[in-house]
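First comes the structure, then the notes that go with it.
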Number of protein chains: 2
Amino acid sequence: MSYQQLEAHQRQIDRLQHLFAICGWDQATMMPEGGSQARAEAMAELEVLLHAKKTAPEVGDWIAAAEGESLSAAQQANLNEIRRHWQDARLLPADLVEALSLAGSRCEHAWRRQRQENDWAGFAPNLGEVVRLSRDVARLRAEALEMRPYDAMLALYEPGMSVVKLDQVFGDLANWLPGLITEVSERQRGEAVLTPVGPFPTEQQKALGLEVMSLIGFDFNHGRLDVSSHPFCGGVPTDVRMTTRYNEEEFVSSLMGIIHETGHARYEQGLPREWLGQPAGEARSMAIHESQSLFCEMQLGHHPAFLSLIAPRIRAHFGEQPALSAANLARLYNRVEPGLIRVDADEVTYPAHVILRYELERDLIEGRIEVADIPELWDAKMQQWLGLRTAGNYRDGCMQDIHWTDGSFGYFPSYTLGAMTAAQLRFALERDLGEMGSVIEAGRLPALFAWLSAKIWQHASLLPTDELLTQATGETLSPRWLRRHLEQRYVGK
Amino acid sequence: MSYQQLEAHQRQIDRLQHLFAICGWDQATMMPEGGSQARAEAMAELEVLLHAKKTAPEVGDWIAAAEGESLSAAQQANLNEIRRHWQDARLLPADLVEALSLAGSRCEHAWRRQRQENDWAGFAPNLGEVVRLSRDVARLRAEALEMRPYDAMLALYEPGMSVVKLDQVFGDLANWLPGLITEVSERQRGEAVLTPVGPFPTEQQKALGLEVMSLIGFDFNHGRLDVSSHPFCGGVPTDVRMTTRYNEEEFVSSLMGIIHETGHARYEQGLPREWLGQPAGEARSMAIHESQSLFCEMQLGHHPAFLSLIAPRIRAHFGEQPALSAANLARLYNRVEPGLIRVDADEVTYPAHVILRYELERDLIEGRIEVADIPELWDAKMQQWLGLRTAGNYRDGCMQDIHWTDGSFGYFPSYTLGAMTAAQLRFALERDLGEMGSVIEAGRLPALFAWLSAKIWQHASLLPTDELLTQATGETLSPRWLRRHLEQRYVGK
């Protein structure tokens, strides 16, 4: 049966991608600088080989034949995903795939140092090469899929998403978010928030992080936690590689970063084992992935009841001080303050960081702006949204993120789509299990994660996004749940 | 030109082997238990793919055509190595390669726990499967290369070596080594050796190890040190992954283990960069590799002058105590004492461990004994050579080594061939640079390593072993230099 041949073929691809994922993790966490050139070449070689495997002529024949075979609904969903990945892969010539992989590895590796040194002049030519190749990718995809170039990039991360829909949901946010930021800022103006006094030794932060990962169900038999300059969640579902970074001056952002990545990790660890290695067994989309990490971070991690739960553990590691009371931690974590760094942003100002990047990368990919224009536009948009200047401060401005360095244009919107989804999931979960605070206080975290597993993780890519969300929450994506969540938490509406 | 096509083909193979090496290192150092099944499958998949690449039909045509092309001496040496690897690869069917890779991964992974639990009953069936498949390998190789089965395995690690030659050099050792062991034991009987009193914290041991690695020239821009249950030196020449293991009760064996692996690492890091990625740019053989690690460990590391050099660093980490004087460290490291564990053995008794394993694996591969016979034979040979019993103690007996778990039959002789080579190199080096002690005392370690680089590292596989050794020392391998070294160091002859 052709369908069986497709499954065997996908299993081979998955196994080679396993090695790619582990070596990519190693590149970011373990590899010494001098190993970078050979590693980049080795990974590009595998990428070319994977590309050849994905686009092998017989795959098209098997797909055509499988369409006439009698398949279960799940097999049919798998076939749909196989077809989508196959179409994605064959759009690009092998030399473009290799060139982008090499340029991306070089740009990303050099960026690690360049960012520290605020070296825009060194970074810009590397980024320029990545943009040039990414535009080729976008153009080829756009022509074949009959979409505008940026939509063709979005489809890589968020099948079904488009500039039209994004402008709609982000436009909705633009209507109420600036006002909410102002309102929250005024409400919080008189609030006394104590800053925890360090130092907070790395070893203690790591031990605390591991405890909190256990509390929220990370399976250490199928994963681990390490350090990288830009935190991520990689590896494979049976061996999830989470990373964080530590700053001994403060533990607050690293701890919540760990909680965020644990959300990604639990989704990966919770994917249905019987579908591992097949496209239908993969995470649904980047927005759904971010919905799981942001559920953990924002809906759960920032919830005052959760902070009450972990406050004693925090004090056990860092000693007693008034700033580490549950009440102060809640004020600290729910402080709304416009800042330069996306990953450190509170959930109210976070969408501003995303919309800014979305507008820039959309125009960059579609050729309306150039790399050289980025710093000035970044500065202007940061002023407009958050009233902050970044001129000359590339490190905390347009060089702060890893995403563009390897050509992941089209990814950023997923963060805010994920935040909306997480809020929507939370209100649906509360209909089934009761209000979050009482779920946490009753020690019912396992029930909470079992709900996410049943509604999201177990479905992997067996359903399209709209159907997945409708089954879980009763409707497709709507920004009104994020608005309700933010207004409830921050202005008590 | 066909030769150029062969070089490009080898570069591809080398890049994929890079990923295999890093994932193999990760498997031993980082991977959680739950990741083992998927990793074994992924690595087997790549092994099959590499096998297909190495045996692609066009390679034979390119080799035949390249033989008629005008090549430099180095290109000709590379072509010879390419031909040898190609012949090695095409001898085996892909399904046997895959089966052995899977069985080896499973056996090795389970062995990590089984060894701790002294679980011979659990280990034996896994090893039996590896032996069964390795015998198939040996038989197929023997038929094609017209050699006896064990010679066909030796050729994988030590081209040109044979049972006949091994019986000759090991026979030479058997004539004088037992007498020397007795003589040294008697001389050392009255010697007072103080045992350093711990604990020796892992962090301090690691810091000391890193310092000593720096002292002997390890390049941390192209490598790192981690922990695994069985120390090894892996990775790739531009990113060498060394491992060790720590025991807080004593630092002596871990420190010398690090020095040993650093010898392997410097050889890899010192291979000629212009030949990286080609077979002629690889280490010459396992015996030559062991000669470099044993030169570092035994000729250099155990030398009283070297121990004088590092004694102050040792005391800086672990505090002052009489056992850490240079003189006591020299007595400690040069103590000859029959023991159960090969990797902890002194250099006088070490060959006994190797000859025992050589005799067992030779007979195992050639079907004269079975896995079930190993424990009893191990016990008998340990009694005969070193007067020690291992009955029932599998952990410190036949389950102590990793080599057999993944089918590396034919490797063990390399250790003692390497010890002989290291001794031979030392006397040649002394003719050029002066006596080792004065080289060390004069701070001329860089000159010592420059000599090894010029004589060994830079030649990679550009010369056959006999020629390499003759150029370096004036003659082919002879056991008399090891005898002279041991008699000089241990009985003052």
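Miscellaneous remarks
Residues checked against (1) under 30 Å from A:ARG480 (Cβ atoms); (2) not basic (Lys, Arg):
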position	(1), (2)
A:LEU173	yes, yes
A:TRP176	yes, yes
A:ARG189	yes, no
A:PRO196	no, yes
A:GLN204	no, yes
A:ALA207	no, yes
A:SER214	no, yes
A:ARG224	no, no
A:VAL227	no, yes
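- Residue match in region A:393-401 (condition: aliphatic (A, V, I, L, M), in a loop (DSSP other than H, G, I, E, B) and modelled with pLDDT of 95 or more): yes
- Residue in region A:110-129 that is within 20 Å of the chain's Cα centre (by Cα) and over 22 Å from A:ALA372 (Cα atoms) present: no
- Exactly one residue out of A:GLN37, A:GLN76, A:GLN17, A:GLN5 is within 14 Å of chain B (Cβ to nearest Cβ) and modelled with pLDDT of 95 or more, and it is A:GLN17.
- Residue in region A:175-198 that is surrounded by 15 or more Cβ atoms within 10 Å (Cβ to Cβ) and basic (Lys, Arg) present: no
- Selection status of B:GLY60, without any contact (Cβ under 8 Å) to a residue 12 or more places away in the chain and more than 27 Å from the chain's Cα centre (by Cα): no
- Check on A:GLY392, over 30 Å from A:ALA142 (Cα atoms) and either among the small types (Gly, Ala, Ser) or in the same structural domain as A:ALA121 (by TED's automatic domain parsing) (or both): yes
- So B:ALA155, is it assigned to a helix (DSSP H, G or I), touching a Gly at 6+ places or on another chain (Cβ under 9 Å) and of a type in the set (Gly, Ala, Ser): yes
- Test for B:VAL354: is it in a helix (DSSP H, G or I), touching a helix residue (DSSP H, G or I) at 6+ places or on another chain (Cβ under 9 Å) and assigned by TED's automatic domain parsing to the domain that holds B:ALA450: yes
- Scanning region B:147-166 for residues that are surrounded by fewer than 20 Cβ atoms within 10 Å (Cβ to Cβ), at pLDDT 95 or above and charged (D, E, K, R) yields a single hit, B:ARG148.
- Among residues of region A:244-290, those that are over 17 Å from A:ILE341 (Cβ atoms) and touching a residue at least 60 places away in the same chain (Cβ under 8 Å), counted: 21
- Selection from region A:357-387 of residues that are buried (at least 17 other Cβ atoms within 10 Å of the Cβ) and not in a helix (DSSP H, G or I): A:GLU366, A:ILE369
- Which listed residue is in contact with a helix residue (DSSP H, G or I) (Cβ under 7 Å, 6 or more places away or on another chain), within 11 Å of chain B (Cβ to nearest Cβ), buried (at least 20 other Cβ atoms within 10 Å of the Cβ) and hydrophobic (A, V, I, L, M, F, W, C), from A:MET30, A:MET43: A:MET43
- Region B:336-345, subset touching a Gly at 6+ places or on another chain (Cβ under 8 Å) and not in a helix (DSSP H, G or I), residue nearest to B:GLU290 (Cα to Cα): B:ALA345
- Failed criterion for B:VAL197 (all others in (1) part of a helix (DSSP H, G or I); (2) aliphatic (A, V, I, L, M); (3) out of contact with any Lys or Arg (no Cβ under 8 Å at 6 or more places or on another chain) hold): (1)
Conditions tested, residue by residue: (1) assigned to a helix (DSSP H, G or I); (2) closer than 30 Å to B:ARG241 by Cβ; (3) within 23 Å of the chain's Cα centre (by Cα).
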| position | (1), (2), (3) |
| --- | --- |
| A:GLN10 | yes, no, no |
| A:ASP26 | yes, yes, yes |
| A:GLY35 | yes, yes, no |
| A:ALA44 | yes, yes, no |
| A:HIS51 | yes, yes, no |
| A:GLY68 | no, no, no |
| A:ALA77 | yes, no, no |
| A:GLU81 | yes, no, yes |
| A:LEU96 | yes, no, no |
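- Conditions (1) assigned to a loop (DSSP other than H, G, I, E, B); (2) buried (at least 16 other Cβ atoms within 10 Å of the Cβ); (3) touching a residue at least 24 places away in the same chain (Cβ under 8 Å): number failed by A:PHE123: (1)
- Per this entry, B:ARG15 is not counted among residues that are out of contact with any Lys or Arg (no Cβ under 7 Å at 6 or more places or on another chain) and surrounded by fewer than 20 Cβ atoms within 10 Å (Cβ to Cβ).
- Every condition in (1) in contact (Cβ under 8 Å) with a residue 12 or more places away in the chain; (2) more than 14 Å from chain A (Cβ to nearest Cβ) holds for B:ALA52 except the one numbered (2).
The values are calculated or read from the model by the stated rules, or taken from the named source; none is laboratory data. All of these numbers come straight from a predicted model, not from anything done at the bench. Methodologically, a virtual Cβ is constructed for each residue, glycine included, from the backbone with ideal geometry; neighbour enumeration extends over all protein chains shown.
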